[in-house]
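To start, I am sharing the structure in question, which I have written as structure tokens.
The values are calculated or read from the model by the stated rules, or taken from the named source; none is laboratory data. Everything numeric here is computed off the predicted structure, so don't read it as measured data. Because the Cβ atoms are built from the backbone with ideal geometry, glycine has one as well, and the counts that use them run over all protein chains shown. SASA here: full protein model, heavy atoms, side chains in, ligands and nucleic acids out. Shrake-Rupley method; radii C 1.70, N 1.55, O 1.52, S 1.80 Å.
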Amino acid sequence: MAKSFAGLARNAAKNGTAITVPKEALEVAPLEIHTLGNKVLRKSARRISKVDESIRDLTRDMLRSMYTAKGIGLAAPQVGIHKQLLVIDLDLENPTTPPLVLINPEIISSSASIDTYEEGCLSIPEVYLDVIRPSSIKLSFRDEMGRPKKMNADGLLARCIQHEIDHLNGVLFVDRVSNHEDLNIALKEHGFDSNDVQNI
Ligand code: NI
């Protein structure tokens with residue numbers, strides 16, 4: 001997910017991972033982030049059966065790529081890898097806050113209350129549009145050591161997790177934008193094709 005304004009949620013820290021890399025932009029990101037129109041974004045990710053060093057290496061490369069792109073969330077399908085892995089960091093300004101790594105994340109329950117919030121995506125650069133989603137969620141996942149965990153999230157964190165889990169299912173935030181007029185204008189302005197949006 002791309003950052004449209006300063007993050008408010010701070011509860012990523014208590015679930016933060018032991019995997020950290022410097023929060024700085026590299027000249028060349030280790031992984032290429034694919035953009036709207038590329039079919040890799042539409043393919044569902046598979047569950048990770050074994051959380052091993054190769055998964056932790058991939059996590060580090062995803063974090064480095066996310067920090068280079070100045071994003072607050074990145075899902076493996078965005079870099080063409082169809083594994084259920086995503087990284088989130090809402091606190092880019094603070095070098096010591098650990099990121100959140102979610103492996104095989106599953107939303108167990110969502111609140112009835114909903115929020116409208118402006119989202120962006122590293123795969124659809126410069127496009128920011130309102131999306132309606134549940135305000136809070138409960139989820140299960142595995143951490144970077146393969147340990148099963150559960151957590152509650154609200155605010156920007158809940159928003160970001162739902163956005164990234166959508167990527168694991170081949171869904172993009174533009175598929176959820178209800179104002180089609182704004183959507184078409186924004187996509188055209190930034191050189192994207194509205195035919196690449198899918199109805200969900
Ligand atoms: Ni995204």
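Might you let me know whether region 114-130 holds any residue that is more than 16 Å from the ligand (Cβ to nearest atom) and farther than 28 Å from Glu181 by Cα?
Within region 114-130 (the criterion being more than 16 Å from the ligand (Cβ to nearest atom) and farther than 28 Å from Glu181 by Cα), the answer is no, since none of the residues qualifies.
Now a separate question. Would you pick out the residues in region 165-200 that are within 16 Å of the ligand (Cβ to nearest atom), open to solvent by 40 Å² or more (accessible area, probe 1.4 Å), closer than 19 Å to Lys39 by Cβ and part of a helix (DSSP H, G or I)?
Of everything in region 165-200, just one residue is within 16 Å of the ligand (Cβ to nearest atom), open to solvent by 40 Å² or more (accessible area, probe 1.4 Å), closer than 19 Å to Lys39 by Cβ and part of a helix (DSSP H, G or I), namely Asp196.
On to the next question. From the list Ile81, Ile114, Ile103, Ile108, exactly one residue is open to solvent by less than 30 Å² (accessible area, probe 1.4 Å) and in contact (Cβ under 8 Å) with a residue 12 or more places away in the chain. Which is it?
Details: Ile81 fails: open to solvent by less than 30 Å² (accessible area, probe 1.4 Å); Ile114 fails: open to solvent by less than 30 Å² (accessible area, probe 1.4 Å); Ile108 fails: open to solvent by less than 30 Å² (accessible area, probe 1.4 Å).
After applying the criteria, what remains is Ile103.
Which one is farthest from Glu119 (Cα to Cα), of the residues in region 66-101 that are out of contact with any helix residue (DSSP H, G or I) (no Cβ under 9 Å at 6 or more places or on another chain) and among the β-branched types (Val, Ile, Thr)?
Thr96
A follow-up question, please. Kindly indicate the residue of region 131-164 that is open to solvent by 20 Å² or more (accessible area, probe 1.4 Å), charged (D, E, K, R) and part of a loop (DSSP other than H, G, I, E, B) and also farthest from the ligand (Cβ to nearest atom) among those meeting that condition.
Among those that are open to solvent by 20 Å² or more (accessible area, probe 1.4 Å), charged (D, E, K, R) and part of a loop (DSSP other than H, G, I, E, B), it is Arg147.
Then there's this: Taking the condition closer than 20 Å to Ile165 by Cβ, away from the ligand (no atom under 15 Å from the Cβ) and modelled with pLDDT of 95 or more, does Ile103 pass?
yes
Right, another one. Pick out the one residue from Leu31, Leu86 that is assigned to a strand (DSSP E or B) and modelled with pLDDT of 95 or more.
Numbers: Leu31 fails: assigned to a strand (DSSP E or B).
Of Leu31, Leu86, the one residue that is assigned to a strand (DSSP E or B) and modelled with pLDDT of 95 or more is Leu86.
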